[in-house]
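Nothing in this text is a laboratory measurement; each read-out follows from the coordinates by a stated rule. Please read these numbers as outputs of a predicted model, since none were measured by experiment. Cβ atoms come from the backbone with ideal geometry, glycine included; neighbour counts cover every protein chain shown.
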Amino acid sequence: MQPVPAITPDPLPARRPRRGLRWALALVLVGAGLGPASAAHAAASPYERGPAPTVASIEASRGAFAIAQSTVAASSVSGFRGGTIYYPTSTAEGTFGAVAISPGYTATQSSVAWLGPRLASQGFVVITIDTLSRYDQPASRGTQLLAALDYLTNTSSVRTRIDRNRLAVMGHSMGGGGSLSAANTRPQLQAAIPLTGWHTIKNWSGVRVPTLVVGAENDSVAPVSSHSEPFYTSLPSTLDKAYLELNNASHSAPTSTNVTVAKYSISWLKRFVDDDTRYDQFLCPAPQASTTIQEYRDTCPHS
């Protein structure tokens, strides 16, 4: 594999304010005599979508939103090779955050397709992409993820359903490495989730995007000792970040229905794309080792 060139961040608008502003508002309301209950209600994120979550709801195969999907022809876009959009059919609750997902080396979007309806039904617009070449390296896949997000927000048929300030990237293997590259390039993203990611670059200390790194204990393609763990430890200690290692799992674990991957991906996206603190309960305190989790590290508390 050839080394990946250094990445220069895009000069885009600043990220939206997060927790500090919300808690400041709560304190002001308490000081004004509105009381803790009123302050807590006012502190709720305006981007919350869907009912209050439970373990059952984030482990379910589908969320509360009815969804539809549409095909994006390769001939109709530039910067990536088309894909499939999954989206909630109702906009009664407002606009949604959007997520672009890349497959890994030699793979097509079919390898990550299960995540499309799973995430969309929880209240996101999702695009799973095909890459320009099945052999594209991680940096290229990162650029293509950003091109897919730009397409979603600027010219796609679902652009009016999307809040362009609430965007995220995911990917498997080299697509996971691509999600790190995309996060490094565009710090205005709200979340990144590399799934058993592969990348020649191990130091991601410049990333400013909340990142959930997912590794697999028995990964022989991107061993956690040389990929996911160095990725996680290199991310700034001040960053909202987490490391989830799937117990007794292989490199391909995220390419088919996986409740653990879905559960924590949904929680991460809800918490950081929707700024929805109702999902803190699934992330903090950090989940314990179990039959599905080999290890979990986190920079709790997030709120």
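Quick one: if the Förster radius is 45 Å, what FRET efficiency do SER290 and GLU93 give, using the C-beta to C-beta distance and rounding to 0.05? That pair, SER290 with GLU93, gives E of 0.85. Between ARG208 and any residue 5 or more places off or on another chain, the built amide H atoms are never under 5 Å apart. With unit charges on the beta carbons (Lys and Arg positive, Asp and Glu negative) and the dipole taken about the Cα centre of the stretch 161-303, which residue among ASN165, GLY176, SER252 sits farthest to the positive side? My answer, from the dipole projection, is ASN165.
Spacing of the modelled spin labels on GLU217 and SER70, each 7 Å from Cα toward Cβ, amounts to 4.4 nm. Axis of helix 19-31 versus longest Cα principal axis of the chain: the two differ by about 0°, to the nearest ten degrees.
So what does log10 I(q)/I(0) come out to for the stretch 127-183 at q = 0.18, 0.29 Å⁻¹, using the Debye formula with one equal point on every Cα and no solvent? Summing over Cα pairs of the stretch 127-183 leads to -0.57, -1.14. The charge dipole of the chain, taken about its Cα centre with unit charges on the Cβ of Lys, Arg, Asp and Glu (plus for the first two, minus for the last two), comes to roughly 580 debye. Using a Gaussian network model on the chain with a 10 Å cutoff between Cα atoms, which of SER205, SER111, SER76 fluctuates the most? Result: SER76 has the largest fluctuation of those listed.
Note that the stretch 113-121 has calculated 3J(HN,Hα) couplings of 4, 4, 6, x, x, 4, 7, 4, 6 Hz, one per residue in order, obtained from phi through the Karplus relation 6.51 cos²θ - 1.76 cosθ + 1.60 (θ = phi - 60°); glycine and proline are x.
Think of each Lys and Arg Cβ as +1 and each Asp and Glu Cβ as -1; about the Cα centre, that makes the dipole of the stretch 168-303 roughly 260 debye.
Computed from backbone phi with θ = phi - 60° and the Karplus coefficients 6.51, -1.76 and 1.60, the 3J(HN,Hα) list for the stretch 213-223 is 8, 10, x, 10, 4, 9, 6, 9, 8, 10, x Hz; x is used for glycine and proline. Using the Kirkwood radius built from alpha carbon pairs, what does the Stokes-Einstein equation give as D for the stretch 116-249 at 20 °C and 1.002 mPa s, in µm² per second? The diffusion coefficient I find is 143 µm²/s. On full extension, the segment bounded by ALA52 and SER250 gains 68.0 nm, given 0.36 nm per residue less the C-alpha separation. Across the stretch 59-298, C-alpha contacts under 8 Å between residues 6 or more apart give a mean separation that, scaled by the residue count, equals a relative contact order of 16 percent. The spread of Cα positions in the chain, taken along each principal axis and listed from longest to shortest, comes to 62, 41, 38 Å.
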